[in-house]
Amino acid sequence: MSVRFRLNSLVILTITIIVSLYLYVLKITSDIDNELAEIEKIDRFEENVTRLNLLMEYFIATRDIKYTNSLLTLINELDKAKDDIAGFDRFNLLRQSIPSVKKALNLLLKIENNPDFYSSEEDRIQLQERALVLIRSDLRQLMSLAFKTSRFRQANIRNLQVEQRGYILATMIPFILLFVAIIYRTQSQILNSLSKLRVGAKNLAMGNLDERIEIESKDEFAELATQFNTMAEKLESTIENERVINQHLESKTEELKMSNQELEQFTIMVSNDLQEPLRMVNSFMKLLENKYSNVLDEKGLMYIRYASDGAKRMKQTILDLLEYSKIGNYEGEKTLIDLNHLVDEVCALQARNLKKKDGTVTLDKLPRIVAHHLPLFQIFQHLLSNSIHYSKVNEPLYVHVGYEEMHDFHKFSFTDNGIGIDPIYHEKIFVIFQTLDSESSNKGTGIGLAIIKKIVNYLEGDISVESKAGEGTSFVFTLKKN
Amino acid sequence: MISRISLIFLFASFAACTNKESIEVIPLKIGVTAFVGEVATFIAQEKGFFADEGLDVSIKINNSGVESMKQLLDGELDLAHTSESPFLYAVLDSNFHINMPDSDLQILANMVLSNRIQKIITRKKLGINQPRDLEGKKVAFVKNSQSDYHFDSFLLENNIDISKITTLDYTPELQKAALKNGDVDAVVVWEPHGTHLLELMPDDSFEMQTSLTYSSLWLAISTRSLEEQKPGASIRYLRSLLRAHEYIYNNPEQVIALTVETTRIPESVIRKVRQEIDFYLSLSERMIMLLEWQQLWLEKRGIKQASAIKINDYINYKPMEEVAPTAISIIR
């Protein structure tokens with residue numbers, strides 16, 4: 001039985017009780033009104049009998065026939081009235097007495113009007129007295145019967161009231177008991193179900209994924225419990241899946257970590273292993289140049305210079321690769337870094353090169369952000385290095401670092417007035433080992449922008465370039481706010 | 001809890017049974033007349049109302065209340081049902097009865113209300129259809145009964161000298177036979193015999209109308225010694241009659257059937273007569289007035305100082321006060 005059904009039943013029961021009571025009270029009131037109306041009729045009847053009695057006494061005392069019409073009128077009224085009073089039909093005497101009184105009155109009038117008919121005065125007097133006795137006794141009896149009928153009606157009213165009380169009690173008590181029973185049962189079931197749901201939800205919230213709710217009633221709460229159990233099962237399944245995935249991820253992360261460590265170690269080892277022979281080549285080339293420059297011809301010396309340059313480039317490439325491989329593995333805690341000071345640091349490091357290019361670096365007011373120092377340094381270091389490297393010949397270098405605060409990101413721009421980059425190369429320049437300067441003797445390793453891109457991506461940002469050949473370059477990159 | 005309720009129930013049942021069994025049964029002899037006003041007594045006997053009250057009632061059916069009064073005074077009855085005249089004769093006339101103790105008669109109640117109990121039935125074929133036609137005729141009625149009084153009123157009303165009429169003292173059954181046979185010319189009789197005659201002789205009977213209808217009493221009379229010898233008998237007796245009156249009101253058809261069986265009067269007669277009478281226990285001013293009037297009539301009949309006695313002294317109010325106090329309307 002659903003909660004809705006029970007509540008609807010309660011409403012219907014309440015309405016039924018109220019309507020029944022109302023109708024019953026209406027009925028009883030109507031019955032009592034009827035009884036009171038009958039009592040009023042009886043009272044009027046009694047009143048007329050009393051008046052008739054009085055008039056009769058006046059007539060008897062005075063023998064004045066002026067009372068005759070009034071007497072006969074009253075008698076006729078009583079004769080009509082008796083048929084209209086419920087309960088009077090129980091007494092045949094009521095039906096007989098009024099015509100009897102009328103006959104007796106007519107006899108009295110006959111005696112009054114025909115005194116000679118009764119020669120004996122004694123007989124006349126006796127006859128009159130017998131008529132009077134009949135009249136008086138019948139009128140007394142009429143009053144007595146009317147009074148009794150009135151009392152009977154009053155008793156009826158009392159009985160109706162007792163019946164009403166009894167009926168209301170007899171009806172109300174079972175209805176009220178039923179009402180209370182339904183309310184109590186409904187309340188118990190609702191509270192019990194709510195309690196189970198509450199405890200179940202609480203246990204589930206505390207992490208007990210085995211929690212299931214059992215509600216036996218076939219109502220909305222049982223339905224809710226079923227949905228809850230389904231939700232809990234799905235949640236358990238989802239969490240289990242996630243746990244498996246996380247386990248897998250952890251395993252993969254561990255593998256990756258180990259792989260990175262091995263790679264790092266490999267990189268260090270390889271760079272060290274590679275750097276040593278390069279150092280030897282460089283050293284012996286210098287020795288060769290120093291010791292045998294007077295023996296070697298111009299070509300020989302040029303070959304030595306080419307070899308040295310090659311070794312230097314190889315070394316730089318190895319260092320850049322090493323740097324690239326270390327991106328993301330930063331030790332220590334992040335600190336609050338004032339980017340204005342950091343850019344100054346980078347400028348200080350590149351001071352000699354800036355001076356050669358007659359370079360000027362300006363900057364917007366840069367923010368302070370919490371991060372590792374090294375990656376941020378690497379970004380600005382490589383950007384400035386590129387600007388210096390790809391500046392115009394015989395033109396002072398101007399570099400501006402711009403800043404715009406976004407909602408979730410810091411947006412930086414690094415703009416120079418260098419040689420610019422043809423848009424067809426905008427994607428290529430961020431690929432590792434890609435350079436655009438194939439003929440210059442001072443061309444870079446091609447890793448700088450790749451390093452910047454990797455660092456920016458690591459810091460959950462993005463980098464793009466706006467440039468045209470001969471019109472300078474603006475690198476725009478974002479760093480996610482933390 | 002349930003066992004306690006059961007015990008209480010058992011105890012109450014036992015107490016009820018015990019109470020019922022502890023009522024002492026009182027034998028009671030009642031003298032009645034085969035008159036429609038006696039229906040209540042027959043109902044009370046037939047339906048066990050007397051037995052329920054612990055009364056072992058024997059009913060003696062007499063020809064008239066006069067006979068019942070004689071038997072009461074002779075100690076053969078405990079109660080007599082009668083109209084006013086036999087009662088007053090018993091109180092006032094020391095020659096009336098053989099055994100005449102100091103009168104300790106008491107009226108317990110009037111049991112009926114009616115204005116049309118007495119009828120004067122004449123033989124139509126003799127041309128008796130006016131009051132004066134009765135002069136020189138034979139008229140039968142029960143002497144010293146209410147029929148006697150009614151006829152006296154009739155003669156007075158019509159200024160007829162009784163000496164011009166031959167009166168015969170017949171019981172109602174004899175009256176009916178005599179009228180049918182032509183032994184008498186008219187009868188003065190109470191119901192149901194009057195209506196019965198009209199039906200027995202539809203072509204030869206005539207009911208003489210009177211201006212003064214007769215207000216009947218039907219009294220329950222006992223002696224004061226009844227209470228001493230059989231305490232509580234009067235109260236139980238009145239209670240039985242009260243139940244019988246209620247039964248009469250609620251079961252009209254059964255009452256007619258029983259009346260027919262008891263009186264051996266045809267149903268058509270009983271049905272007509274039943275409309276003329278009310279069964280009603282009372283001690284009313286009306287009763288006092290009618291009795292007092294009867295006293296005057298008896299004085300006229302030669303019973304000296306009949307009017308000197310006080311009717312109130314012969315009324316026992318206590319049983320009625322116990323059973324139906326609202327039925328008492330006598331100013332005391």
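Show me the strands (runs of 3 or more DSSP E) entirely contained within the stretch B:71-187 in which 2 or more residues are crowded, with 17+ Cβ neighbours inside 10 Å, more than 14 Å from chain A (Cβ to nearest Cβ) and among the hydrophobic types (A, V, I, L, M, F, W, C).
Details: elements: B:79-82, B:105-113, B:118-123, B:138-141, B:166-169.
Where strands (runs of 3 or more DSSP E) fall fully within the stretch B:71-187 and carry at least 2 residues being crowded, with 17+ Cβ neighbours inside 10 Å, more than 14 Å from chain A (Cβ to nearest Cβ) and among the hydrophobic types (A, V, I, L, M, F, W, C), they are B:79-82, B:105-113, B:118-123, B:138-141.
Considering only residues that are within 11 Å of chain A (Cβ to nearest Cβ) and crowded, with 22+ Cβ neighbours inside 10 Å, which ones fall in the stretch B:265-275?
Step one: list which residues in the stretch B:265-275 are within 11 Å of chain A (Cβ to nearest Cβ), which gives B:273-275.
Once the filter is applied, which keeps residues that are within 11 Å of chain A (Cβ to nearest Cβ) and crowded, with 22+ Cβ neighbours inside 10 Å, the stretch B:265-275 yields only B:VAL273.
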Cβ-Cβ under 9 Å, sequence separation 6+ or interchain: first residue in the stretch B:321-332 and away from chain A (no Cβ under 14 Å), partner open to solvent by 80 Å² or more (accessible area, probe 1.4 Å). Which pairs? B:GLU322/B:ARG239; B:VAL323/B:ARG239
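Would you say A:ILE173 is over 60 Å from the mean Cα position of the chain (by Cα) and either assigned to a helix (DSSP H, G or I) or facing chain B (nearest Cβ under 8 Å) (or both)? Don't jump to the end; show me each part of the working.
Working: over 60 Å from the mean Cα position of the chain (by Cα): no; either assigned to a helix (DSSP H, G or I) or facing chain B (nearest Cβ under 8 Å) (or both): yes.
When the stated conditions are applied, A:ILE173 does not pass them.
Output the residues belonging to the stretch A:107-118 that are within 7 Å of another protein chain (Cβ to nearest Cβ) and open to solvent by 70 Å² or more (accessible area, probe 1.4 Å).
We begin by selecting, within the stretch A:107-118, every residue within 7 Å of another protein chain (Cβ to nearest Cβ); these are A:107, A:117-118.
Selection gives A:PHE117 alone.
For the stretch B:311-320, which positions are touching a strand residue (DSSP E or B) at 6+ places or on another chain (Cβ under 7 Å) and open to solvent by 20 Å² or more (accessible area, probe 1.4 Å)?
From the stretch B:311-320, those touching a strand residue (DSSP E or B) at 6+ places or on another chain (Cβ under 7 Å) are B:314-317, B:319-320; that's our starting set.
Correct list: B:TYR314, B:ASN316, B:TYR317.
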Of the conditions (1) within 21 Å of B:ARG224 (Cβ to Cβ); (2) touching a Gly at 6+ places or on another chain (Cβ under 7 Å), B:ILE277 satisfies every one except a single condition; which number is it? (1)
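Every residue, every condition in (1) modelled with pLDDT of 85 or more; (2) on the phi < 0 side of the Ramachandran plot, yes or no:
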residue	(1), (2)
A:GLY207	yes, no
A:ARG212	yes, yes
A:GLU216	no, yes
A:GLU223	yes, yes
A:ASN229	yes, yes
A:ALA232	yes, yes
A:THR238	yes, yes
A:ASN241	yes, yes
A:VAL244	yes, yes
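Filter the stretch A:144-198 for residues that are among the small types (Gly, Ala, Ser) and within 22 Å of A:PHE91 (Cβ to Cβ) and give the result.
Applying the first criterion (among the small types (Gly, Ala, Ser)) to the stretch A:144-198 yields A:144, A:146, A:150, A:155, A:166, A:170, A:181, A:188, A:193, A:195.
Across the stretch A:144-198, the qualifying residues are A:SER144, A:ALA146, A:SER150, A:ALA155.
A quick yes/no check of all residues on (1) among the β-branched types (Val, Ile, Thr); (2) at the interface with chain A (Cβ under 8 Å from one of its Cβ atoms):
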| site | (1), (2) |
| --- | --- |
| B:ILE277 | yes, yes |
| B:SER282 | no, yes |
| B:MET287 | no, no |
| B:LEU291 | no, no |
| B:GLN294 | no, no |
| B:LEU298 | no, no |
| B:GLY302 | no, no |
| B:ALA306 | no, no |
| B:ASN312 | no, no |
Testing A:ARG165 on (1) farther than 30 Å from B:PRO252 by Cα; (2) within 13 Å of chain B (Cβ to nearest Cβ); (3) among the basic types (Lys, Arg); (4) open to solvent by 70 Å² or more (accessible area, probe 1.4 Å), one condition comes back false. Which one is that? (2)
Might you check whether a residue that is modelled with pLDDT of 85 or more and touching a helix residue (DSSP H, G or I) at 6+ places or on another chain (Cβ under 6 Å) occurs anywhere in the stretch A:264-281? yes
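Could you list, in sequence order, the residues of the stretch A:12-35 that are open to solvent by 80 Å² or more (accessible area, probe 1.4 Å) and either under 30 Å from A:GLU216 (Cβ atoms) or among the aliphatic types (A, V, I, L, M) (or both)?
Taking the stretch A:12-35 first, the residues open to solvent by 80 Å² or more (accessible area, probe 1.4 Å) are A:12, A:15, A:18, A:22-23, A:26-27, A:33-34.
Answer for the stretch A:12-35, where residues must be open to solvent by 80 Å² or more (accessible area, probe 1.4 Å) and either under 30 Å from A:GLU216 (Cβ atoms) or among the aliphatic types (A, V, I, L, M) (or both): A:ILE12, A:ILE15, A:ILE18, A:LEU23, A:LEU26.
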Every residue in the stretch A:120-145 that is over 30 Å from A:ILE39 (Cα atoms) and facing another protein chain (nearest Cβ under 7 Å), please. A:ASP123, A:GLN126, A:LEU127, A:ARG130, A:ALA131
Residues being assigned to a loop (DSSP other than H, G, I, E, B) and touching an Asp or Glu at 6+ places or on another chain (Cβ under 9 Å): count how many of those fall in the stretch B:281-332. 7
Count of the stretch A:19-40 residues which are at pLDDT 85 or above and either within 30 Å of A:SER188 (Cα to Cα) or of a type in the set (S, T, N, Q) (or both): 4
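Can you tell which of B:THR326, B:THR262 is under 18 Å from the mean Cα position of the chain (by Cα) and open to solvent by 20 Å² or more (accessible area, probe 1.4 Å)?
Working: B:THR326 fails: under 18 Å from the mean Cα position of the chain (by Cα).
After applying the criteria, what remains is B:THR262.
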Pick from the stretch B:212-228, criterion within 14 Å of chain A (Cβ to nearest Cβ) and modelled with pLDDT of 85 or more, ranking: surrounded by the most Cβ atoms within 10 Å (Cβ to Cβ): B:TRP218
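Confirm whether A:ALA104 is within 14 Å of chain B (Cβ to nearest Cβ), over 60 Å from the mean Cα position of the chain (by Cα) and surrounded by 14 or more Cβ atoms within 10 Å (Cβ to Cβ). So that I can check it myself, show each step before the final result.
Numbers: within 14 Å of chain B (Cβ to nearest Cβ): yes; over 60 Å from the mean Cα position of the chain (by Cα): yes; surrounded by 14 or more Cβ atoms within 10 Å (Cβ to Cβ): yes.
In short, yes.
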Among residues of the stretch A:221-239, those that are of a type in the set (Asp, Glu) and open to solvent by less than 80 Å² (accessible area, probe 1.4 Å), counted: 1
List pairs: first residue in the stretch A:53-69 and open to solvent by less than 80 Å² (accessible area, probe 1.4 Å), second residue at pLDDT below 85 anywhere in the structure, Cβ distance under 7 angstrom, at least six positions apart or on different chains. A:ARG63/A:GLU112
Can you pull out every residue in the stretch A:281-309 that is free of Cβ contacts under 8 Å to residues at least 24 places away in the same chain and either surrounded by 16 or more Cβ atoms within 10 Å (Cβ to Cβ) or under 28 Å from A:VAL270 (Cα atoms) (or both)? A:SER283, A:PHE284, A:LYS286, A:LEU287, A:LEU288, A:GLU289, A:TYR303, A:ILE304, A:ARG305, A:TYR306
Can you report the number of residues in the stretch A:74-101 which are in a helix (DSSP H, G or I) and facing chain B (nearest Cβ under 7 Å)? 6
Subset of the stretch B:279-310 [in contact with a Ser or Thr (Cβ under 7 Å, 6 or more places away or on another chain), charged (D, E, K, R) and either open to solvent by 10 Å² or more (accessible area, probe 1.4 Å) or farther than 20 Å from B:ARG332 by Cβ (or both)]: B:GLU285, B:GLU299
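With the condition kept exactly as written, say whether any residue in the stretch A:144-152 is over 30 Å from A:PHE221 (Cβ atoms), open to solvent by less than 70 Å² (accessible area, probe 1.4 Å), β-branched (Val, Ile, Thr) and touching a Gly at 6+ places or on another chain (Cβ under 8 Å). Step through it out loud before you land on a result.
Filtering the stretch A:144-152 for residues over 30 Å from A:PHE221 (Cβ atoms) gives A:144-152.
Narrowing further to those that are open to solvent by less than 70 Å² (accessible area, probe 1.4 Å): A:144-146, A:149-150.
Filter once more, keeping what is β-branched (Val, Ile, Thr): A:149.
Next, only the ones that are touching a Gly at 6+ places or on another chain (Cβ under 8 Å) stay: A:149.
Yes, the conditions are met somewhere in the stretch A:144-152.
The values are calculated or read from the model by the stated rules, or taken from the named source; none is laboratory data. Keep in mind that this is a model prediction, so the values were computed, not measured. All Cβ positions, glycine included, derive from the backbone under ideal geometry; neighbour counts span all protein chains shown. Heavy atoms of the whole protein, side chains included, go into the accessibility calculation; ligands, DNA and RNA do not. Shrake-Rupley method; radii C 1.70, N 1.55, O 1.52, S 1.80 Å.
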